[in-house]
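The values are calculated or read from the model by the stated rules, or taken from the named source; none is laboratory data. The shown structure was predicted, so the numbers you read here are calculated from the model rather than taken from an experiment. Note: ideal-geometry Cβ built from the backbone for every residue, glycine included; neighbour counts use all protein chains shown. Quick note on the areas: whole protein, heavy atoms, side chains included, nothing else; ligands and nucleic acids left out. Shrake-Rupley method; radii C 1.70, N 1.55, O 1.52, S 1.80 Å.
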Amino acid sequence: MDNTAQIDYWNGAAGQKWVRDADRLDKMLRPFLDAVMDAAKPKAGEVVTDIGCGGGALSLAVAGKGAIATGVDVSEPLIEVARRRAAVSAPGTRFVVADASEWTPEAAADLIVSRFGVMFFADPVRAFANIRKGAAPGGRLAFVCWRPLAENEWALAPIIAAMPFLREAPKPPEPGAPGPFAFGQREHIDRILTEAGWKDVRISPWDGQIELPGATAPETAEFMLEIGPLSRTISEQGLDPEKIKAALVARVEGLADAEGRTRLKAATWIVEATA
Ligand SMILES: C[S@@+](CC[C@H](N)C(=O)[O-])C[C@H]1O[C@@H](n2cnc3c(N)ncnc32)[C@H](O)[C@@H]1O
């Protein structure tokens, strides 16, 4: 099993969308960065690896605490974004284009972190065993991942609104298949980390809200069409997003609060372990 399909995905149109939306996504995902930082508590001088770092927001936050951060990601366009950002705010931070399931760091990490970057491995046990080998003895692991789609209103609401336009209801992913919700089940995460040799595995629910980007309902609807599970379904089923947009705009208008903001429930796990 290799990660070719995900590597192609994150270097293709999806990676380009994440590049275009990098700043809006970071604003939207900021609460989860704070949640990982609270769990990870990076200290000045620590060597830290950020797995699936994307545009590098978490690596840069860790560097802001005085740690020596390296971000690893398979996506060349997203690593370019991360390097551009680091040049301005944290020039000592390194970013590497590599598959985290095979990559070996130059220095063993005291701390390994990730915001939504560890659910895409074809063989997660092998990947987390390799990640553990890159940790110093007693090194800490702290990451955030999504709980199941059904608990994540921000991802489910757009799919429900678009349902009349889909060729078929989106198929639930094969159990264990890589994807944003692959780590939805607590027992699954516990088994993967334990088989990969991690100790003291702690998995805690963390509930928050996502404020979807967009100053107007049509802008928020466009974002829903661009990023997230609905966007994946549209490309898998070869649909015309324009035909779905009006239904999404109506749904967003129904969901928005008095100030016009669309804030929806987000359900995650904060996962911690020791090498
Ligand atoms: C949902 S994005 C999260 C990006 C970033 N952590 C953030 O919070 O903005 C998932 C990231 O994981 C990366 N990724 C997927 N498979 C990977 C692998 N095998 N090794 C390293 N990175 C991977 C993708 O390229 C993508 O940037």
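Between the DSSP loop rule and a limit of at most 10 other Cβ atoms within 10 Å, which trypsin sites (Lys or Arg not before Pro) in the stretch 9-101 are left? When the trypsin sites (Lys or Arg not before Pro) of the stretch 9-101 are filtered for loop state and at most 10 Cβ neighbours within 10 Å, nothing remains. If R0 equals 25 Å, the separation of the Cβ atoms of Glu76 and Asp207 corresponds to a calculated FRET efficiency of about 0.15.
Here the stretch 1-40 is assigned +1 on the Cβ of each Lys and Arg and -1 on the Cβ of each Asp and Glu. Its dipole about the Cα centre then comes out at about 200 debye. Taking the protein heavy atoms of the chain in the context of the full set of protein chains, the accessible area attributed to carbon and sulfur is 54 percent at 1.4 Å.
As a length-normalised measure over Cα pairs under 8 Å and 6 or more apart, the relative contact order of the chain settles at 20 percent. If R0 is taken as 35 Å, the Cβ-Cβ distance between Lys65 and Glu102 corresponds to a FRET efficiency of 0.80. Taking only the C-alpha atoms of the stretch 88-200, Rg followed by Dmax gives 17.0, 53 Å. Amide H contacts of Trp206 (H built 1.01 Å from N, in plane; Pro and chain starts excluded): Thr268, Trp269, Ile270 sit under 5 Å, all sequence-distant by 5 or more or on other chains.
In this simple spin-label approximation, Glu242 and Lys17 carry label points 7 Å from Cα along the Cα→Cβ vector, and these lie 1.8 nm apart. Estimated from helices alone, the mean residue ellipticity of the chain at 222 nm is -12500 deg cm²/dmol (sum of -39500 (n - 2.57) over DSSP H runs with n ≥ 4, per residue).
Placing unit charges on each Cβ (+1 for Lys and Arg, -1 for Asp and Glu) gives the stretch 111-204 a dipole about its Cα centre, and among Pro148, Ala136, Ala162 the Cα reaching farthest toward its positive end belongs to Ala136. Of the cross-linked pairs Lys27/Lys265; Lys43/Lys65; Lys171/Lys243, those separated by over 18 Å at the C-alpha level are Lys171/Lys243. Here is the P(r) of the chain: all C-alpha pair distances, binned every 5 Å from 0, give 1, 6, 13, 17, 19, 17, 13, 8, 4, 2, 0 in whole percents. A simple charge model with +1 on the Cβ of Lys and Arg, -1 on the Cβ of Asp and Glu and nothing else charged puts the dipole of the chain at about 440 debye relative to its Cα centre. Judged by the ratio a/c of the largest to the smallest principal axis of the C-alpha gyration tensor, the stretch 1-130 counts as oblate, that ratio being 1.5 or greater while a/b is no larger than b/c.
When the GluC sites (Glu not before Pro) in the stretch 184-275 are filtered for DSSP coil states and for at most 11 other beta-carbon atoms within 10 Å of their beta-carbon, the remaining sites are Glu259. Close amide-amide hydrogen proximity is noted between Ile68 and Gly45, Glu46, Val47, Val48, each under 5 Å apart and 5 or more residues distant or on a separate chain (H modeled in the peptide plane; Pro and chain starts excluded).
Taking all protein chains as shown and a probe of 1.4 angstrom, Thr216 keeps an accessible surface of around 70 Å². For the stretch 4-274, the solvent-accessible area with a 1.4 angstrom probe is 46 square angstrom per residue.
Shown for the stretch 15-82 is the translational diffusion coefficient from the Stokes-Einstein equation, using the Kirkwood radius over Cα pairs, a temperature of 10 °C and a viscosity of 1.306 mPa s: 131 µm²/s. Summarising the strand pairing of the chain, around 50 percent of its internal DSSP beta bridges are antiparallel. Asp23 contributes about 110 Å² of solvent-accessible surface, heavy atoms of the protein only, 1.4 Å probe. About its Cα centre, the stretch 1-81 has a charge dipole of approximately 340 debye under the convention of +1 per Lys or Arg Cβ and -1 per Asp or Glu Cβ, with nothing else charged. Sort the stretch 165-262 into rounded, prolate or oblate with this rule: let a ≥ b ≥ c be the square roots of the eigenvalues of the Cα gyration tensor; rounded if a/c is under 1.5, and if a/c is not under 1.5, prolate when a/b is larger than b/c, oblate otherwise. The shape class here is oblate. List the trypsin sites (Lys or Arg not before Pro) in the stretch 237-275 that DSSP assigns to loop (not H, G, I, E or B) and whose Cβ has at most 14 other Cβ atoms within 10 Å. Which are they? Within the stretch 237-275, the qualifying trypsin sites (Lys or Arg not before Pro) (loop, at most 14 other Cβ atoms within 10 Å) are Arg261.
Reported to the nearest whole Å, the Cα centre-to-centre distance from the stretch 7-23 to the stretch 87-142 is 20.
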